[in-house]
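Since the structure comes first, as structure tokens, the remarks are kept for the end.
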Amino acid sequence: MTLKYEMQLLDELPMIYSCCVFVYCLYECFKYKNTVNYALLFLLITYSVVVSIVYLDLKEPVFHQIMYGTLVSIIVLRSVYIVLWVYPWLRGLGYTSLTVFLMGFFLWNVDNIFCDKLRALREKMPPVVGAVTQFHAWWHILTGLGSYLHILLSLYTRTLFLKHRPKVKFVFGIWPVLLVEPPKNL
């Protein structure tokens, strides 16, 4: 196993596991406290383990991309359901997180497909311009931001369901955080 492949594994396998956590949270956000969906947990853990074993054996990035894309599609479908039919006033947050995430996903695929050509092009550019065209880095930045926004959406959805009063506030006017007030006593 080469160092490049080992680094790629460290980069890619956690994507599967973290997406499985997202899937679980989104499908369980409308459940009452102290309940566990063991069937869904088993399914997601099995999916993660099987994908990991097959990916380690095949060493084929396209397999990983398809398995990851499947999880992302499940997350997107559930999120769209939530912002269209359950909490429509969360559309802005939902669509923003999705757009930012998909921009990162798009750049990741561009980087995977055109890596050698982009590397050759970067060598001819000034260092600052070359750094900005590191699409794999943009993938991490944008999907990280999109995931953070999606966590806010999930937390907002869950706290609303539990009858709390969540509010999105902006630190320094730009960074969104979720503040949660306890439910009002009637």
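The values are calculated or read from the model by the stated rules, or taken from the named source; none is laboratory data. This is a predicted model, so every value here is computed, not measured. Note: ideal-geometry Cβ built from the backbone for every residue, glycine included; neighbour counts use all protein chains shown. Only protein heavy atoms, including side chains, enter the accessible area calculation; ligands, DNA and RNA are left aside. Shrake-Rupley method; radii C 1.70, N 1.55, O 1.52, S 1.80 Å.
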(request) Name the lysines eligible as straight-distance cross-link partners of LYS167: C-alpha to C-alpha under 28 Å, and not fewer than 8 places from it in the same chain. (result) LYS31, LYS33, LYS184
(request) With N set to the residue count of the chain, report its C-alpha Rg divided by 2.2 N^0.38 Å to two decimal places. (result) 1.19
(request) Work out from phi, with θ = phi - 60° and the Karplus expression 6.51 cos²θ - 1.76 cosθ + 1.60, the ³J(HN,Hα) of each residue of the range 170-177, listed in order in whole Hz, and give x for Gly and Pro. (result) 10, 6, 6, x, 10, 9, x, 9
(message) Show me the ranking of peptides 15-22, 40-47, 118-125, 77-84 by mean Cβ neighbours inside 10 Å, starting with the highest.
(response) 15-22, 77-84, 40-47, 118-125
(request) Over the chain, give the accessible area per residue in Å² for a 1.4 Å probe, as an integer. (result) 63
(request) Obtain the nm distance between the two label points defined at LEU179 and TRP89 by a simple spin-label model: each point lies 7 Å from its Cα along the Cα-to-C-beta direction. (result) 1.6
(request) For the range 40-186, with all protein chains present and a 1.4 Å probe, just round the carbon and sulfur fraction of the accessible area to a whole percent. (result) 74
(request) Could you tell me the convex hull volume per residue, in Å³, taken over the Cα atoms of the range 94-186? (result) 94
